[in-house]
Amino acid sequence: AMGNVQRIVERRERLLGPGNPLFYDDPVHLVKGDGVWLYDADGTKYLDCYNNVPCVGHCHPQVARALCDQAALLNTHTRYLHENILDYAERLLGKFDDSLDRVAMACTGSEANDLALRIARVNSGNDGFICTNATYHGNTTAVSQLSSIFEPVGGYGEHIRMVPWPDSYRALNGLSGEALADAYADEVRKAIASLNDSGIGFAGMIACTIYANEGLPDIPDGYMEKAVAHVHDAGGFFIADEVQAGFGRTGRWWGYEQAAVVPDIVTLGKPMGAGHPVSAVVARGELLDNYRAHEMYFNTFGGNPVSCAVAQAVIDVIDEEALVDNAAEVGDYVLQGFRELASRHEIIGDVRGSGLFFGIDLVSDRDTKAPAADKARTIVNGMRHKGVLMSKIGEHDNVLKLRPPLCFSKQNADLLIETLDEVMAAA
Ligand code: PMP
């Protein structure tokens, strides 16, 4: 069957061109999904410890049925009246702080962030934004300016300031505790001052509320509160990118709930449709209304009846199957297992996580914390050959990244931990 995989890889290169990223040294050819399981063309079964998009589990029957039923009945756009978008808006907004009381629908996380930037620009009258120095927020021209992992075509504009991501492990100036939180927050304050001094002015700060792409740090206590206070003191807006953190991933509905902050604007995507492309911006009403007074925003596919039926089914399943609580409970269990592994495997420098999102920071030396990116690659590929799918991430590309579907069980966790133990011993 390896011959067939090779044929598909070559066909892909010929039709899609080189440079389309693939996972694993031996790519996986998946043909079926069911809950936390994925199956390849040979019938090999993989435990999915990577995919956060199918948050309710792959191919959940209730979600598939909602999609098929609505697709068989009607699909149009939002210039006709339809109640699916209203039913969904009510349901979604019910999950947020009362101040976040309007929603605009789109199709991808990138589009949601693009719209969020426009809302912040119109309402602040300024162009300057802050992001971290190791992040990704999407692929539109405007949003790629705020994506520090890949440099955008033409380079970065004058209106962008990057601040260090709030890492407690490789901490800024070796600080800890409140001094560390203050130091990282001060970087935000300085970036705002720099935008103001340059005459560009400050519109807002965008951040993934769990800093997932940065490497899922333990965020210093008080950092979010202090950083957001600087943003608000300067008249800017805090855009919480919940594209990865949202919909129960952290054992709470939203990642921002881990701190005592309420964003002005929230962006949603990935798990929102469990695989169907649907995204949204949730904002304080006056911000979205004022934006709409300045610019007509229309999105042909955003908020269509099929997308809204799917998204509604996703929230139904999360609630009916108590998946947010499951993420918290099984997440704690997995973390304990990883900490036990850390007591036996020197290569593990740090174990981090919240809910069902984990980072295992691999080091070649625990004292210097030198990142072990090569070992991360070996382990990710070793796990794939033992039937467990995961990946790596982070500024140094040395952090094992795991975010299984939210229906992950303790039994699944045992298999993951046992397999990781074996693969780490071999590496
Ligand atoms: N925000 C974050 C934090 C992301 O990780 C991503 C995608 N990895 C995006 C936004 C962009 O989402 P999409 O790929 O749906 O445009």
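The values are calculated or read from the model by the stated rules, or taken from the named source; none is laboratory data. The structure displayed is predicted, hence computed values, not measured ones. Every residue, glycine as well, gets a Cβ built from its backbone with ideal geometry; the counts of neighbours run over all protein chains shown. Surface accessibility is based on the protein's heavy atoms, side chains included, excluding ligands, DNA and RNA. Shrake-Rupley method; radii C 1.70, N 1.55, O 1.52, S 1.80 Å.
Could you work out what % of the accessible surface of the chain is carbon and sulfur, using a 1.4 angstrom probe and leaving DNA, RNA and ligands out of the count? It would help to have the intermediate numbers written out before the result.
Details: 8880 of 18220 Å².
Carbon-and-sulfur percentage of accessible area, whole number: 49.
Averaged across orientations, what area in nm² does the convex hull of the alpha carbons in the stretch 203-313 project? All intermediate terms of the calculation are to be shown ahead of the outcome.
On the way: hull surface 32.1 nm².
The number I arrive at for the stretch 203-313 is 8.0 nm².
Project the alpha carbons of the stretch 42-177 onto their principal axes and report the range along each, largest first, in whole Å.
Sorted from largest, the Cα extents of the stretch 42-177 read 57, 49, 36 Å.
Using a 1.4 angstrom probe on the protein heavy atoms only, line up Asp361, Asp397 by accessible area, largest first.
Details: Asp361 0, Asp397 65 Å².
Highest to lowest solvent-accessible surface, that is Asp397, Asp361.
Which percent of the Cα-Cα distances in the stretch 102-184 go past 18 Å? Numbers along the way, then the final one.
On the way: 1766 of 3403 pairs.
Percent of Cα pairs beyond 18 Å in the stretch 102-184: 52.
How large is the accessible surface of Lys45 in square angstrom, using a 1.4 angstrom probe and rounding to the nearest 10?
Per-residue accessible area (Lys45): approximately 100 Å².
Using square roots of five times the C-alpha gyration tensor eigenvalues, list the equivalent-ellipsoid semi-axes of the stretch 1-103 in whole Å, biggest first.
On the way: eigenvalues 270, 63, 52 Å².
Over the Cα atoms of the stretch 1-103, the semi-axes work out to 37, 18, 16 Å.
Suppose every Lys and Arg Cβ carries +1 and every Asp and Glu Cβ carries -1, with no other charges. What dipole size does the stretch 298-385 come out with about its Cα centre, to the nearest 20 debye? Write out the running numbers ahead of the final one.
On the way: 8 positive and 14 negative charges, 111 e Å.
Roughly 540 debye, rounded to the nearest 20.
Positive end of the charge dipole of the stretch 202-260 (Lys, Arg +1 and Asp, Glu -1 on Cβ, about the Cα centre): tell me which of Tyr211, Val231, Gly255 has its Cα farthest that way.
With unit charges placed on the Cβ atoms, the residue in question is Gly255.
Any idea of the accessible area per residue across the chain, 1.4 Å probe, to the nearest Å²? List each step's numbers first, then the result.
Values: 18220 Å² over 427 residues.
Accessible surface, normalised per residue, equals 43 Å².
Roughly how many Å² of Arg91 are accessible to a 1.4 Å probe, to the nearest 10?
70
For the stretch 369-427, what Kirkwood radius comes out of the mean inverse Cα-Cα distance, in Å? If you can, show how the numbers build up before the last one.
Working: mean 1/r = 0.0834 Å⁻¹.
So the Kirkwood estimate lands at 12.0 Å.
His60: accessible area at probe 1.4 Å, nearest 10 Å²?
Spelled out: His60, probe radius 1.4 Å, area about 30 Å².
What's the FRET efficiency of Asn4 with Asp34 using the Cβ-Cβ distance as r and R₀ = 25 Å, to the nearest 0.05?
Working: r = 22 Å, r/R0 = 0.89.
It comes out at approximately 0.65.
For the stretch 75-124, what D do you get in µm² per second when you plug the Kirkwood radius from alpha-carbon pairs into Stokes-Einstein at 4 °C and 1.567 mPa s? Don't skip to the end; give the middle numbers.
Values: Rh = 12.6 Å.
It comes out at roughly 103 µm²/s.
Quick one: dipole size for the chain, taken about the Cα centre, charges +1 on Lys/Arg Cβ and -1 on Asp/Glu Cβ, in debye to the nearest 20. Mind showing how you got there, number by number?
Numbers: 36 positive and 58 negative charges, 217 e Å.
Result for the chain is approximately 1040 debye, rounded to the nearest 20.
Give or take rounding to whole Å, what are the principal axis extents of the alpha carbon atoms in the stretch 246-404, in descending order?
Its Cα atoms span 57, 34, 31 Å along the three principal axes.
Take the residue pairs Lys270/Lys386; Lys32/Lys95; Lys32/Lys270; Lys45/Lys369; Lys270/Lys392; Lys190/Lys392 and return only those whose Cα atoms are more than 25 Å apart.
On the way: Lys270/Lys386 27 Å; Lys32/Lys95 32 Å; Lys32/Lys270 19 Å; Lys45/Lys369 35 Å; Lys270/Lys392 18 Å; Lys190/Lys392 31 Å.
Cα-Cα > 25 Å for Lys270/Lys386; Lys32/Lys95; Lys45/Lys369; Lys190/Lys392; rest within.
Please report, to one decimal in angstroms, the Kirkwood hydrodynamic radius of the chain built from all distinct Cα-Cα pairs.
On the way: mean 1/r = 0.0446 Å⁻¹.
After inverting the mean inverse Cα-Cα distance, the result is 22.4 Å.
With only Lys, Arg, Asp and Glu charged, each at its Cβ (+1 for the first two, -1 for the last two), find how big the charge dipole of the stretch 14-142 is about the Cα centre; round to the nearest 20 debye. Could the numbers behind the result be given before it?
Values: 10 positive and 16 negative charges, 57 e Å.
Taking the Cα centre of the stretch 14-142 as origin, the dipole is about 280 debye.
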